[in-house]
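Data block below; observations after.
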Amino acid sequence: MDNFVELLVKRKNSPKHIVLKALAIIGGIIIEILLAGLLLIAASWSFIILLAMVGVIYGLWYLFRYFNIEYEYIVTNSEMDVDKIISQSKRKRITTINFKTMEIMAPMGGMHKREFENPSIPKTIDASISPNEKGAYFIVTSTEKLGHFRLIFSPNEKIIEIAKAVAPRKVFTD
């Protein structure tokens, strides 16, 4: 029997992201005011200054796209592809995890906290709504491309069921 599940989750903006957005807006306004003042002083440079003003607005728009992040989990039989989607337009494959070869899958902050905090795992990939969000899980695994790493993600019940069916001794729901 073939299993196929797609799940799209939107990343919540952390307080750090909100502060960065506010600083970008304030910085953009200050630069626009300075350029407008320069436009009044140096009228002969008006075309270049107007281009710079448009460039600042474009730069802010481009920067804000990176605050709109979604993750898509695509489970096909025993493999899960994790994609990062930026501003609903740019997609990048983060990793592909095989449930058969993973070491452990468990809820964040549960009884398996020690496995998550293992210092011998050098890399952490956060592809969750928020790591502190209820329902966040982690997987410890290895791939050829990334080596040994832990993945934080926000699965639904169907993804957990498929992983448990493929690797029942490695998936914990407590």
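Name, by its number, the condition in (1) under 29 Å from ASN68 (Cα atoms); (2) in a loop (DSSP other than H, G, I, E, B); (3) of a type in the set (Val, Ile, Thr) that does not hold for ILE94. All conditions pass for ILE94, except number (2). For the condition of a type in the set (Asp, Glu), exposed (fewer than 13 other Cβ atoms within 10 Å of the Cβ), out of contact with any Asp or Glu (no Cβ under 9 Å at 6 or more places or on another chain) and farther than 26 Å from ILE25 by Cβ, GLU117 qualifies. Quick one: is SER44 of a type outside the set (Val, Ile, Thr) and in contact (Cβ under 8 Å) with a residue 24 or more places away in the chain? Considered against the rule, which asks whether it is of a type outside the set (Val, Ile, Thr) and in contact (Cβ under 8 Å) with a residue 24 or more places away in the chain, SER44 comes out as no. For region 111-131, a residue qualifies if it is within 14 Å of the chain's Cα centre (by Cα) and modelled with pLDDT under 90, and the qualifying residues are SER130, PRO131.
One residue stands out among those in region 139-170 that are under 14 Å from PRO107 (Cβ atoms) and free of Cβ contacts under 8 Å to residues at least 60 places away in the same chain: the one that is farthest from the chain's Cα centre (by Cα), which is LYS164. Of the residues making up region 61-77, those that are touching a residue at least 12 places away in the same chain (Cβ under 8 Å) and not in a strand (DSSP E or B) are LEU63, PHE64, ARG65, TYR66, PHE67, ASN68, ASN77.
Candidates in region 78-92 are the residues that are touching a strand residue (DSSP E or B) at 6+ places or on another chain (Cβ under 7 Å), free of Cβ contacts under 8 Å to residues at least 40 places away in the same chain and among the basic types (Lys, Arg); of these, the one that is nearest to ARG150 (Cα to Cα) is LYS92. Identification of strands (runs of 3 or more DSSP E) wholly contained in region 118-174 with 2 or more residues that are polar (S, T, N, Q) yields 137-143. One residue alone among THR95, THR101 is surrounded by fewer than 16 Cβ atoms within 10 Å (Cβ to Cβ), of a type in the set (Val, Ile, Thr) and touching a strand residue (DSSP E or B) at 6+ places or on another chain (Cβ under 8 Å), and that residue is THR101. Could you tell me how many of the residues in region 12-50 are more than 27 Å from SER128 (Cα to Cα) and in a helix (DSSP H, G or I)? Summing the residues that are more than 27 Å from SER128 (Cα to Cα) and in a helix (DSSP H, G or I) in region 12-50 gives 24. Please verify whether region 47-69 includes one or more residues that are farther than 30 Å from PHE99 by Cβ and touching a Gly at 6+ places or on another chain (Cβ under 6 Å). Checked against the condition, which is being farther than 30 Å from PHE99 by Cβ and touching a Gly at 6+ places or on another chain (Cβ under 6 Å), region 47-69 yields at least one hit.
Among the residues of region 22-76, those identified as more than 30 Å from ASP126 (Cβ to Cβ) and aromatic (Phe, Trp, Tyr) are TRP45, PHE47. Name every residue in region 106-138 that is of a type in the set (Lys, Arg) and in contact (Cβ under 8 Å) with a residue 12 or more places away in the chain, in order of residue number. Selection gives LYS123 alone.
The values are calculated or read from the model by the stated rules, or taken from the named source; none is laboratory data. Quick caveat, the model's predicted, so the values are computed rather than measured. Ideal geometry is used to build each Cβ from the backbone, glycine not excepted, and the neighbour counts take in all protein chains shown.
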